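Before any comments, here is the structure.
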Amino acid sequence: MAVTRRAQHVADTRGALLVAARELFAKQGYAGTGTEEIVARARVTRGALYHHFKDKADLFRGVMETVAREAAETLVSHEMRHAQDNPSEPWEQLRHGFQSFLDVCTTGDFQRIVLVDGPAVLGPGSWDALVDEHGHGLLAAWLRQAMDNGEIDRLPVAPLARLLASLISEASLYTARAQDPTVARREVGQVIDRVLAGLRRR
């Protein structure tokens, strides 16, 4: 029982740090947030922070991974519902998935933490790693379904998925960093739809 309570306390402390840091990073950015603010909001000691995380950057990495995972789970859930409503239209599911991801990119947490501060704090490879972990599998599945349904020509799925992932990555970064993300989102959506149309079997 004591071990269980201690394990729960450890998990609660880590969770409180992640929640507090996420709120502050999203509102103030990484550079504008100090560790003293984070521990005060989480109501823990500085020692607790450094027990769970090596430094502020390591805490940021944990926050970024949490935000990215939640976004991926939301996108998958959304697309599963869309697929149930349109079971015989994998091509539309592919297009819809791209547009839904761009919508995710305009939300506060994801935009500021994952797209803007993430590459700046952890390097450009951090974004590539998240795409590898959360994006390629889903994209490849959509492409295979569209090929099986005869909606796009048979092409090697692995390189096609990687190239399209690069396209959506650049589109999301462009949207997140634009002076007017709403306008950028609309324009990027139009461009991506036109590019994808080139894959459609005539």
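All of the numbers you see were taken from the coordinates with simple rules; none came from a lab. Please read these numbers as outputs of a predicted model, since none were measured by experiment. Note that each Cβ is placed from the backbone with ideal geometry, even for glycine, and that neighbours are counted across all protein chains shown.
Structure summary
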quantity	calculated
Footprinting exposure proxy for M147, M80 (fewest neighbouring C-beta atoms within 10 Å first)	M80, M147
Net lengthening on full extension, R41/L163 (0.36 nm per residue, minus Cα-Cα)	39.8 nm
Qualifying trypsin sites (Lys or Arg not before Pro) in region 3-50, DSSP loop, other Cβ atoms within 10 Å at most 12	R43
Furthest towards positive pole of dipole, G34, I168, I192, structure part the chain, Cβ charges	G34
Cleavage-rule hits, trypsin sites (Lys or Arg not before Pro), region 154-194, DSSP coil, Cβ neighbours within 10 Å at most 15	R154
Relative contact order of region 55-197, pairs being alpha-carbon contacts under 8 Å that are 6 or more residues apart, as %	29
Spread of Cα-to-Cα distances over 5 Å intervals beginning at zero, given as percent, for region 123-198	3, 15, 21, 22, 20, 12, 5, 1, 0
Rg followed by Dmax, in Å, when region 138-178 is reduced to its Cα trace	12.3, 37
Loop-located trypsin sites (Lys or Arg not before Pro) in region 48-149, at most 11 other Cβ atoms within 10 Å (DSSP)	K54
Segment D193-A129, length gained on full extension (0.36 nm per residue, minus Cα span)	20.5 nm
Given charges at beta-carbon only (K, R positive; D, E negative), |dipole| of the chain in Debye	360
